[in-house]
Amino acid sequence: MKKKSVVIVGAGPGGLFAAYELAKSGRHNIKVIDKGDDIESRQRCDVLCGMGGAGLYSDGKIIYHHRVGTFLPLIVGVEKVNELNDYVESIFTGYDVHVKTLDSEEKKQLDDFRTKALQSGLNFVVTRTAHVGTDKLVDLIRSFRDSLIDKGVEFITNEEVTKINKKTVVTKNNKRYGYDYLVLAPGRDGSEWLENIVRRDLSMEFGTDYIYNPVDVGVRVEVRREITDFITNLSRDMKFYLNAGKGNRQVRTFCTCPGGKVAIEDHGEYKTVNGHSEAGDPYENTNFAFLVTIPFTKPQANGNTFARYVARTAYNLSGGSVLVQRFGDILRGRRSKEETINEWLTQPSLKEAVPGSIPMNLPYEYMDTLIDGLQKLGKVVPGIDSEHTLFYSPEIKLHSLRLLTNEYLETTRSNIYAAGDGPGLTRGIVAAAATGVLAARGILKK
């Protein structure tokens, strides 16, 4: 019997794990297309696209929790998400990626801290986490890719899909690839691409075929690691959820990098910040994202447009880079200045960041929430809200559009599936991988 063809757009966790699950059956011809470079050619400046996706040059935290980084519980329920996470973990374990285990005393310390957080009105979420490290991820993804090639998966890199027809995709170089099933997994960097594609080529409409997720906009916070080691040694990716500011907006910590560095993501027309940490956590600072979640409704439902506006403003204010400011200067209503950097107790790990005024970049509603939120964190993590703490701006997460799907992530267009961050389903490595597995299982059922 002739094998049917599957084209997967995107070689990040969603696309790779979809290919993995499909390749196990041997029933399909599988092509994975990505606009970026293959792993041997990717540079650290290519942080958003290419083999491994944006996760390749992240700090490599592998987090297993049904609440973290996913909208899947809304689609399939918590029990199914936990089952998918367990399956993804079994695959990572085969590549020597193991969750850190705690002894009884450490578990008690963590429980006591969670209670203290609740008493202060903070929800501290404990996750099962494995840490690979930015420096080790390349080898892991290379091994994973090679195993897929051995199973017959074909990878096509440096090819950007520019048009989707009913049975073919067309690339920028005018190459055509036929498909019986299509998996859209373009990653976070592909969210704008996807929005254009689904409107123009698939005639999808807002409300019936896709909706918009709330958008995350905020800063990356950097402190001396001595301030946070007591908790990150127990729960590496400290995750707080709280409400703050006059608008009682939701703010959360995300992507904690103990002993790590702040890094730049280059989007071409603007830059944003992220965090990296290597195996062994060798550096003197710890950083984490601090993000405000605000849903957009009317007259502009697409929060991505606003997030990009914030990023472009920071790019202009910094002269083509990103901004950094001491928390104490923010509280005093004054900008931070380059000539005083050497006097700062917390030295910026991102040397390219330009000292300036972040309140000129972020609207009042965001700044009010971030300031109040950090001060609330200071009640359970003393010193995290000191005047020496650094804010970097902007940190934005572009995953606003969310394709509407069935329980196997098939979109409203037959035989076209969604996976990962780009279609707005997830916000992280494990969650994206789980959606890839689920989409593949949907194809296999047919």
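Taking amide hydrogens as modeled 1.01 Å from N in the peptide plane, which residues meet the under 5 Å criterion relative to VAL215, leaving out close sequence neighbours?
Amide H to amide H, under 5 Å and 5 or more residues apart or across chains, VAL215 pairs with ILE294, PHE296.
Taking H as built 1.01 Å from N, whose amide H comes closer than 5 Å to the amide H of PHE155, not counting residues under 5 places away?
Sorted by chain and number, the residues that satisfy this are VAL32.
Projected area of the range 1-150, taken from the Cα convex hull and averaged over every viewing direction, in nm²?
Details: hull surface 47.1 nm².
Averaging across all directions leaves 11.8 nm² for the Cα convex hull.
What list of ³J(HN,Hα) couplings, whole Hz, do you get for the range 70-81 from phi and the Karplus terms 6.51, -1.76, 1.60, once you set θ to phi - 60° and write x for glycine and proline?
The phi angles translate into 7, 9, 4, x, 6, 9, 10, x, 5, 4, 5, 4 Hz.
Applying the Karplus parametrisation 6.51 cos²θ - 1.76 cosθ + 1.60 with θ = phi - 60° to the phi angles of the range 305-322, what ³J(HN,Hα) value in whole Hz is obtained for each residue in order, glycine and proline being reported as x?
Per residue, the Karplus-derived 3J(HN,Hα) values read 4, 5, 4, 5, 4, 4, 5, 5, 5, 4, 4, 5, 5, 8, x, x, 9, 10 Hz.
Take the Cα radius of gyration of the range 214-397 and divide it by 2.2 N^0.38 Å, with N its residue count; two decimals is plenty.
Working: Rg = 15.2 Å, N = 184, 2.2 N^0.38 = 16.0 Å.
Scaled against compact globular proteins, the figure is 0.95.
Return the label of the correct value of volume of the Cα convex hull per residue in Å³, as calculated from the structure shown, out of [x] 139; [y] 169; [z] 153.
[x]
Work out, in µm²/s and without decimals, the Stokes-Einstein translational diffusion coefficient of the range 63-107 at 25 °C, 0.890 mPa s, Rh from Kirkwood over C-alpha pairs.
Values: Rh = 11.9 Å.
This corresponds to a translational diffusion coefficient of 206 µm²/s.
Calculate how many DSSP beta bridges within the chain are antiparallel, expressed in % of all such bridges and rounded to the nearest 5. Mind dumping the intermediate values first?
On the way: 55 of 75 bridges.
Just about 75 percent of them are antiparallel.
Just to check I understand the Karplus step: with θ = phi - 60° and J = 6.51 cos²θ - 1.76 cosθ + 1.60, what whole-Hz values come out for the range 206-215, glycine and proline as x?
4, x, 9, 10, 7, 10, 10, 6, x, 9
Exposure proxy check: GLU106, GLU79, GLU21 ranked by fewest other beta carbons within 10 Å? Walk me through the intermediate numbers first.
Values: GLU106 14, GLU79 10, GLU21 20.
Least crowded to most crowded, the residues run GLU79, GLU106, GLU21.
Between ARG199 and ARG142, what is the spin-label point distance in nm, taking each point 7 Å from the Cα along the Cα→C-beta axis?
So the two model labels end up 4.1 nm from each other.
To make sure I understand the rule: partners must be aspartates and glutamates, Cα under 18 Å from the Cα of LYS166, and not fewer than 8 residues away in the same chain. Which ones qualify?
Once the sequence-local aspartates and glutamates are set aside, what remains near LYS166 is ASP180, GLU195, ASP201, GLU205, ASP209, GLU410.
DSSP loop (so not H, G, I, E, B), at most 15 other Cβ within 10 Å: list which GluC sites (Glu not before Pro) in the range 189-287 pass both filters. Write down the numbers at each step before the final one.
Values: sites: GLU192, GLU195, GLU205, GLU222, GLU226, GLU265, GLU269, GLU278, GLU284; in loops: GLU205, GLU269, GLU278, GLU284.
Here the GluC sites (Glu not before Pro) that fit, given the DSSP loop and packing criteria, are GLU205, GLU269, GLU284.
Find the centroid of the Cα atoms in the range 428-446 and in the range 1-37, then give the distance between the two in whole Å.
The two parts, judged by their Cα centres, are 11 Å apart.
Taking Cα centroids, how far is the range 102-133 from the range 234-267 in Å?
Result: 16 Å between the Cα centres.
Name the residues of the range 288-326 whose amide N is less than 20 Å from a point 7 angstrom out from the Cα of LEU74 along the C-beta direction?
From the range 288-326, the list is 291-308.
Let me have the 222 nm mean residue ellipticity of the chain computed from DSSP H runs of 4+ only, each contributing -39500 (n - 2.57), with the sum over all residues rounded to the nearest 500. Let's see the in-between values first.
On the way: 11 runs with 137 residues, N = 446.
-9500 deg cm²/dmol, from helical runs alone.
Taking the number of other C-beta atoms within 10 Å as the exposure measure, put HIS131, HIS98, HIS267 in order starting with the fewest.
Details: HIS131 23, HIS98 12, HIS267 18.
By the 10 Å Cβ count, ascending: HIS98, HIS267, HIS131.
Please list, in chain and number order, the residues 5+ apart from LYS4 or on another chain whose amide H is under 5 Å from its amide H, with Hs placed from the backbone.
Hits under the 5 Å cutoff: ASN29.
For TYR210, TYR64, what ranking results if the residue with the fewest other Cβ atoms within 10 Å of its Cβ goes first? Working shown, then result.
Working: TYR210 24, TYR64 21.
Result, fewest neighbours first: TYR64, TYR210.
Read-outs: derived from the displayed coordinates by stated rules, not from any lab. Computed from a prediction, not measured in an experiment: that's the story for all the values here. Quick reminder, even Gly has a Cβ in these numbers, built from the backbone with ideal geometry, and neighbours come from all protein chains shown.
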